[in-house]
1. Helix hunt in the chain: which complete DSSP H runs extend at least 27 Å axially by C-alpha with mean Kyte-Doolittle at least 0.5?
2. Rounded to the nearest 5, what % of the DSSP beta bridges within segment 136-382 are antiparallel ones?
3. Let me spell out the model: positive unit charges on the Cβ of Lys and Arg, negative unit charges on the Cβ of Asp and Glu, origin at the Cα centre of segment 136-382. What dipole size does that give, in debye rounded to 20?
4. Find which of H335, L289, P351 sits farthest along the positive direction of the dipole of segment 136-382, computed with +1 on the beta-carbon of Lys and Arg, -1 on that of Asp and Glu, about the Cα centre.
5. Within the chain, what percent of beta bridges assigned by DSSP are antiparallel, to the nearest 5?
6. Using only helices, what value at 222 nm comes out for the chain when you add -39,500 (n - 2.57) per DSSP H run of length 4 or more and divide by the total residues, to the nearest 500 deg cm²/dmol?
7. Take peptides 33-44, 10-21, 163-174 and line them up by average Cβ neighbours within 10 Å, highest first, as a rough protection proxy.
8. Give the shape of segment 136-382 as rounded, prolate or oblate, defined through the alpha-carbon gyration tensor: a ≥ b ≥ c are the square roots of its eigenvalues, a/c under 1.5 means rounded, and otherwise the shape is prolate if a/b is larger than b/c and oblate if not.
Amino acid sequence: MKIETVRITPIAVDDPPLRNAAGLHAPYALRTIVELVGDNGIIGLSEVPGSNSTTKALEDSVEILKGLDPFNINNILFKLNHYFGSENKVGFEYDERGRAPWDQRLLVHVFSAIEVACLDLIGKTIERPVVDLLGGRCRDHVPFSAYLFLKEEGAGGLFEFSMDSDATGWLSARQEAALTPDEIVLQAKSMCDHFGFTSIKLKAGTLPPDIEVACMFALYETFGKNVPLRIDPNAVWSVETSVKYGKQMEGILEYYEDPTRGQKAMSEVAKQVSIPLATNMCTTSFDDLPGSIQLGSESIILADHHFWGGLRTSVELGRICQTFDRGLSMHSNSHVGISLAAMTHLAAAVPNLTYAVDTHYPWQTDEVIKGGKLKFTNGELAIPDGPGLGVELDHDALNELNKKYKDCGLTHRDDQVEMQKLDPEWVFESTRW
Ligand code: GKR
Ligand code: MG
């Protein structure tokens, strides 16, 4: 079997004004959709975070991919590696992990996009789900967590069209501002009622720690000790601040995600606070693992197949975590259903991925897969039925979201620029509090 052609389509999906340590979400989140067309007419799909440099790199790889056997992923990755060189030789806009809460390395995105599309193509060809290609399922249903954000009013997209005064339930909560502990509790109740989530994460690092920690206590008082809680300040707290507030939250948190920046600072917090630390910022690649083990920077690593180079490498990460007695959870960014399906297959395949998985999915209303959005039941997703990832592309929806991409004019994610529209003086600080 051979790859006949590859289609790369950047899309934009409505995204509400969610706050984080890097600023504010733009009205649209960018994603890039890959269609790997086999010479049997079957199409393998994948989705990665979008930017013009990712789209360009994927477009550059098309000629390399044509004619290669999608079953031989090792050969494909070897050829891509040879073409692009190592991450810091790529010469695109971003050549390193960067300081943003999300990973900005380019090659891992490209590898992930191609690997996942190959696995989907293989699965659809041999009529087996992707989870079987990863070694088989350890679970049939994958639990996800409610991912709360401090936010400004608005539902994303074009503000005047997106606010719906008749909206009820989660759709109404999704457009409300949430900047106080009471408002965060309302957001949590509404999200948990709608999707059935039974664990909760708060994206922090955006308001003074007193307020964000008060949100955690308000959640604890409302939901009780049986709903695990996590807070993620995206590394903008100093070691001192992380220790001070960490000590206050001992006993109410399941884990404390990236309170401070870098493995060394994290290890100092880990020594002083009795809550497991977790990361998707200081240990984000295989190269980071020796430092993590040596310093003891975190107890839990958040996998993310978009940033760890694909699904098979993420399974390998699971094995390494087991070896070194690290827990494993999963990170997310704004995304649609192809990524959600891939995350579900991965989480179902990794025995020690025992934490409820992060997802931004409730915040997005647009979708590119046939049948509309995937549905959570009791906070869980069943592994999608059908071969491969179990999802098919809705080409009309894809074209519409590609038009949205072209019309919105965004070329990459820049949360600082969005925040400056609210507060022109605002600048990102790598340690704010
Ligand atoms: O979407 O604002 C966001 C998050 O802050 C995201 O970009 C982070 O990468 O979810 C992420 C995290 O857990 O750090
Ligand atoms: Mg995080």
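The values are calculated or read from the model by the stated rules, or taken from the named source; none is laboratory data. Since this is a predicted model, take the numbers as computed values, not measurements. As a convention, Cβ positions derive from the backbone with ideal geometry for all residues, glycine included, and neighbour counts pool all protein chains shown. Note: areas computed on protein heavy atoms with side chains; ligands, DNA, RNA excluded. Shrake-Rupley method; radii C 1.70, N 1.55, O 1.52, S 1.80 Å.
1. Helices passing the filter in the chain: 107-126.
2. That works out to approximately 20 percent antiparallel.
3. Using Cβ point charges on Lys, Arg, Asp and Glu, segment 136-382 gives about 780 debye.
4. Of the options given, the answer is P351.
5. Antiparallel bridges make up about 55 percent of those DSSP assigns within the chain.
6. It lands at -11500 deg cm²/dmol.
7. 10-21, 33-44, 163-174
8. It comes out oblate by the Cα gyration axes.
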